[in-house]
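Written out below as structure tokens is the structure these notes cover.
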Amino acid sequence: MAEEVNPFESLQEQVDDAAAYLDVDKGVLDRLKHPQRVLETNLSVELDDGSLGRFRGFRSQFNGDRGPYKGGIRYHPNVSRDEVKALSGWMVYKCAIVGIPYGGGKGGIVIDPTEYSEAELERITRAFATELRPLIGEDRDIPAPDVNTGQREMNWLKDTYETLENTTAPGVVTGKAIESGGSEGRVEATGRSTMLTAREAFSYLGRDIADATVAVQGYGNAGWIAANLLEEQGATVVAVSDSSGAIYGESGLDTQAVRDHKDETGSVVDYEGADEEFSGEELLTLDVDLLVPAALENAIDEELAREVEADVIVEAANGPLTPDADDVLTDREVTVFPDILTNAGGVTVSYFEWVQNRQRFYWDEERVNDELEAVIVTAFEDLVEAYEEHDVPNFRTAAYVVAIGRVVNAFEEGGTFP
């Protein structure tokens, strides 16, 4: 079982690690380690049986030096104030490393959505949207989907905002359905950037992604799409997992068939094409060329990191390694490509969606995917340049060197007010 690690403290440690390679004023650095504001609210919502339910909600706006706050809203029982603070901070540096003109935000409601009806979830979402109304807007803060939320919730949030503001503002949220102003390619974007990062990583390391064996922890949206796109690149996906367990196929799994099985049964386990089943934790220690953690944060702690046998880790999830695990993997020469680049496809295509909403002019999927590839490849090249120039211990530190430098420059150019 992974150790309990405060994700906000992990973020701050990552910022400190990178700042050691930069000439950053102490006061400015301190500013970059704390959110500018955090909303905490209690939502009172009538449930289907007539009773009144209370739900805690949060929205953290971490830093807006490079543009409007940007980040998802998640529905999960483990949502906490420190978690959304950390995730909003990671969003700042994720946007910076890929050159997207956004700051960072994140929100969530403490709820297990499987325990509530669709009508109840709509009322809860609209109540949260009402609380967020003074904070969000096309040029202020732009929410998006995250864990256990998707197009449906974003459509409800957008409609609530537009109704209360008596306006049309499709760019107030991203990750919407196409008919509500969403973008082609948005659903696949996080998995696609994971594949693109893995492809570029293997090329940089002098290896061929088509020869790689792959294990994917977390077979949700990002995990399964990454697996499917890696399979299209010729890689062999030998293992995948979800919250119910993991499956393994020595000669490779059919990623689409596994997804169909999960859609039908609710889990990847009992897939008839698998050779064996084991725990999700065991998947993380398989001897594979590429490991893709695509579940929640802190999946790999220091102890588990000592058992990791993968050569390369590409993080599709946010914060899947604890800082101590990072240190262990660096010492063991396991190459880790960090989340703030790897899973930045989601925010990048969200930016494309926002641009299209503002212009009222929409792109086809081919253009979206081409633009995304250009952004990720350029960001990867910037990452490698920083890694080689600054003699940092790993690619995560290099990523923060690039990102923090860009945020600091924006802050210094704008000056301090008042």
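The values are calculated or read from the model by the stated rules, or taken from the named source; none is laboratory data. What you are looking at is a predicted structure, and each value in this text was computed from that prediction instead of being measured. Note that each Cβ is placed from the backbone with ideal geometry, even for glycine, and that neighbours are counted across all protein chains shown. For accessibility, only protein heavy atoms count, side chains too; no ligands or nucleic acids. Shrake-Rupley method; radii C 1.70, N 1.55, O 1.52, S 1.80 Å.
Taking the chain as a Gaussian network of alpha-carbon nodes connected by springs under 10 Å, the highest mean-square fluctuation of the residues Asn318, Asn228, Asn42 belongs to Asn42. The tail of the calculated P(r) for the range 1-75 beyond 21 Å holds 50 percent of all Cα-Cα pairs. GNM remark for the chain: springs join alpha carbons under 10 Å apart, and the peak mean-square fluctuation among Gly319, Gly266, Gly71 falls on Gly266. By accessible area, using a 1.4 Å probe on protein heavy atoms only, the chain has 41% of its surface on carbon and sulfur.
A simple spin-label model places pseudo-atoms 7 Å from Cα toward Cβ; at Asp49 and Glu250 they are separated by 5.2 nm.
Against the empirical 2.2 N^0.38 Å (N residues), the chain has a Cα radius of gyration ratio of 0.94. Scoring 121-132, 16-27 by mean Cβ neighbours within 10 Å over their residues and listing the highest first yields 121-132, 16-27.
Assign one of three labels to the range 195-235, namely rounded, prolate or oblate, based on the Cα gyration tensor with a ≥ b ≥ c the square roots of its eigenvalues; rounded applies when a/c is under 1.5, prolate when it is not and a/b is larger than b/c, and oblate otherwise. In terms of gyration-tensor shape, prolate. Seen through its C-alpha gyration tensor, with square-root eigenvalues sorted a ≥ b ≥ c, the range 339-415 comes out oblate because a/c lies at 1.5 or above while a/b is not bigger than b/c. Relative to one another, the C-alpha centroids of the range 74-149 and the range 278-324 are positioned 25 Å apart. Here the range 72-183 is treated as an ellipsoid with the same Cα gyration tensor; its semi-axes, largest first and in whole Å, are 21, 19, 12. Please enumerate, by chain and number, the lysines with C-alpha under 28 Å from the C-alpha of Lys176, excluding those fewer than 8 residues away in the same chain. Partners within reach: Lys70, Lys85, Lys94, Lys106, Lys158, Lys262. Take the range 19-61 with all the other protein chains still there, run a 1.4 Å probe, and you get 58 Å² of accessible area per residue. Mean-square fluctuations from a GNM of the chain, with a 10 angstrom spring cutoff on Cα atoms, peak among Gly150, Gly223, Gly346 at Gly150.
From the square roots a ≥ b ≥ c of the eigenvalues of the alpha-carbon gyration tensor of the range 266-404, which class results: rounded (a/c under 1.5), prolate (a/b over b/c), or oblate? Oblate. Average accessible surface for the range 288-418: 39 Å² per residue, computed with a 1.4 Å probe over protein heavy atoms with every protein chain in place. Enter the Cα centre distance for the pair the range 166-206 and the range 21-50, rounded to the nearest angstrom. Between the Cα centre of the range 166-206 and that of the range 21-50, the gap is 24 Å. When the charge dipole of the range 191-251 is built from unit charges on Cβ atoms (+1 for Lys and Arg, -1 for Asp and Glu) and taken about the Cα centre, the candidate among Gly245, Thr194, Gln233 whose Cα reaches farthest toward its positive end is Thr194.
Could you state the orientation-averaged shadow area of the convex hull built on the Cα atoms of the range 298-367, in nm² to one decimal? Taking a quarter of the hull surface, the average projection is 5.9 nm².
Mind checking the per residue accessible area of the range 193-242 for me, 1.4 Å probe, whole number of Å²?
Each residue of the range 193-242 exposes 29 Å² on average to a 1.4 Å probe.
Loop only per DSSP, at most 15 neighbouring Cβ atoms within 10 Å: give me the GluC sites (Glu not before Pro) in the range 269-319, ordered by residue number. Loop-located and lightly packed - Glu272, Glu307, Glu309. Per-peptide packing, taken as the mean over residues of other Cβ atoms within 10 Å, places 255-262, 215-222 in the sequence 215-222, 255-262 from highest down.
Summing Lys, Arg as +1 and Asp, Glu as -1, what charge do residues with Cβ under 11 Å from the Cβ of Asp287 carry, Asp287 excluded? That sum, taken over residues with Cβ under 11 Å, equals -4.
With the convex hull of its Cα atoms as the shape, the range 217-323 has an orientation-averaged projected area of 6.0 nm². Across the range 271-283, rounded Karplus estimates of 3J(HN,Hα) from the backbone phi angles (6.51 cos²θ - 1.76 cosθ + 1.60, θ = phi - 60°) give 5, 5, x, 8, 7, 7, 10, 7, 7, x, 5, 4, 4 Hz, Gly and Pro being marked x.
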